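Q: Handing you this structure, nothing more for now.
Where a number appears in this text, it was derived from the coordinates with a stated rule and is not lab data. Model, not experiment: these values are computed from the prediction. Note that each Cβ is placed from the backbone with ideal geometry, even for glycine, and that neighbours are counted across all protein chains shown.
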Ligand SMILES: Nc1ncnc2c1ncn2[C@@H]1O[C@H](COP(=O)(O)OP(=O)(O)OP(=O)(O)O)[C@@H](O)[C@H]1O
Ligand SMILES: [Mg+2]
């Protein structure tokens with residue numbers, strides 16, 4: 001039995017706003033699943049449906065064998081959730097907050113202090129446990145939020161962009177906690193992210209979301225292998241006209257897997273990229289076109305993303321992006 005299964009799961013807010021438009025997933029117990037997508041691609045909506053916070057408009061989903069619509073209580077008992085917009089109460093201390101979470105999750109009163117101490121330790125907040133949350137940094141808040149999702153020892157934990165807006169050190173720390181909990185306690189993680197490196201590092205399998213649909217799914221290495229061995233990027237001098245002509249020109253090369261125009265470059269997916277470069281430049285030359293810059297690299301998950309969606313996932317400013325945006329409102 002998979003830990004999480006979805007079949008044609010959909011959420012259409014209106015006929016036009018198809019936030020999630022029929023996705024199917026099967027996530028094995030004990031794995032880390034990376035759910036990748038740009039802003040507005042439907043990640044949070046998917047998490048809300050899988051965690052019983054929002055009713056699907058189509059399809060169905062199960063968590064640990066329990067239907068999210070028919071048995072929401074059974075699902076909730078077994079899952080932990082850290083939402084994108086952390087609901088932390090600034091007035092409380094970290095310890096008070098975890099204690100309250102433990103009570104809400106019906107832990108035995110006698111067990112709560114030890115459990116809280118343990119969790120504070122897991123996320124390195126021992127020293128700040130008795131400070132009010134309002135004095136915490138963004139990274140500390142995310143760590144506390146992660147700890148709060150773990151109080152009742154859930155088998156499946158959903159983390160919605162746990163590291164967005166964090167500096168590399170805090171991000172690394174979260175990755176370590178997730179990897180450790182997965183390895184030592186067999187916790188299954190469903191983790192949404194806009195960081196390809198995060199998915200690449202942590203996840204056994206990933207799904208790439210674009211406009212409410214899954215456009216690619218599999219292990220990062222399979223996905224990278226699936227797009228052909230090399231990626232040659234030719235930045236073309238001139239404008240849209242030259243780009244279009246350049247695309248036509250390079251298509252004459254044999255053995256090409258795919259060609260795309262992205263921004264001011266023609267991207268060529270080809271085996272044996274190094275030997276293809278000279279031929280590609282020659283083809284451009286014959287068409288009286290010039291490449292300002294030519295680069296060759298092994299595919300990354302970003303190249304997979306690019307090939308499937310036509311745009312890059314990661315903005316340059318990824319690490320310095322501000323944290324959570326205002327909530328667009330959950331369904332009640
Ligand atoms: N309550 C709502 N009512 C109407 N539309 C909504 C609602 N919640 C989300 N949407 C829309 O659904 C789409 C998907 O939103 P969602 O929050 O799932 O994206 P996301 O992938 O989590 O994005 P981000 O990376 O910004 O968090 C967006 O177009 C969003 O505007
Ligand atoms: Mg979101």
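Q: With a 10 Å Cβ neighbour count serving as the proxy for reagent exposure, in which order, fewest first, do 46, 188 appear?
A: 188, 46
Q: Can I ask one more? Counting other beta carbons within 10 Å of each Cβ, put 79, 256 in order, fewest first.
A: Numbers: 79 25, 256 17.
Lowest to highest Cβ neighbour count: 256, 79.
Q: Right, another one. Going by C-beta contacts inside 10 Å, put 27, 267 in order with the fewest on the left.
A: Least to most surrounded, the residues fall as 267, 27.
Q: Separate question: Once the Cα atoms of helix 112-122 and of the chain are each reduced to a long axis, what angle between those two axes, in degrees from 0 to 90 to the nearest 10, is obtained?
A: That works out to roughly 30 degrees.
Q: Points 7 angstrom from Cα along the Cβ direction at residue 258 and residue 287: gap in nanometres?
A: 1.9 nm
Q: Rounded, prolate or oblate for the range 72-123? Axes are the square roots of the Cα gyration tensor eigenvalues, ordered a ≥ b ≥ c, and the cut-off for rounded is a/c under 1.5. Don't skip to the end; give the middle numbers.
A: On the way: a/c = 1.71, a/b = 1.11, b/c = 1.53.
Oblate shape, in that a/c is at least 1.5 and b/c is the bigger or equal ratio.
Q: Angle between the Cα long axis of helix 168-185 and the longest principal axis of the chain, 0 to 90 degrees, nearest 10?
A: 70 degrees
Q: Hey, another quick one. PRE reach from residue 90 (point 7 Å along Cα→Cβ): which of the range 127-157 fall under 15 Å by backbone N?
A: Only 132-138, 141 fall inside the zone, counting backbone N under 15 Å.
Q: Pairing the Cα long axis of helix 94-104 with the longest principal axis of the chain, what angle in degrees results, from 0 to 90 and rounded to the nearest 10?
A: The angle comes out near 70 degrees.
Q: What whole-number distance in Å separates the alpha-carbon centres of the range 248-266 and the range 103-154?
A: Centre-to-centre (Cα) distance: 52 Å.
Q: Using the reciprocal of the averaged 1/r over all distinct C-alpha pairs, how large is the Kirkwood radius of the range 4-219 in Å? Numbers along the way, then the final one.
A: Numbers: mean 1/r = 0.0571 Å⁻¹.
About 17.5 Å for the range 4-219.
Q: Nearest 500 deg cm²/dmol is fine: what mean residue ellipticity at 222 nm does the chain get from its DSSP H runs of n ≥ 4 alone, each adding -39,500 (n - 2.57), divided by its residue count?
A: -10500 deg cm²/dmol
Q: To continue, here is another question. At R0 = 25 Å, how high is the FRET efficiency between residue 225 and residue 1 if r is their beta carbon distance? Nearest 0.05 is fine.
A: With a Förster radius of 25 Å, E is 0.30.
Q: In the range 150-165, whose amide N lies under 15 Å from the spot 7 Å out along Cα-to-Cβ of residue 29? List them in ranges.
A: 154-157
Q: Assuming a ≥ b ≥ c are the square roots of the Cα gyration tensor eigenvalues, decide whether the range 181-222 counts as rounded (a/c under 1.5), prolate (otherwise, with a/b larger than b/c) or oblate.
A: prolate
Q: Could you tell me what fraction of 2.2 N^0.38 Å the Cα radius of gyration of the range 206-284 comes to, as a two-decimal ratio? Write down the numbers at each step before the final one.
A: Values: Rg = 14.2 Å, N = 79, 2.2 N^0.38 = 11.6 Å.
Computed over Cα atoms of the range 206-284, the ratio equals 1.23.
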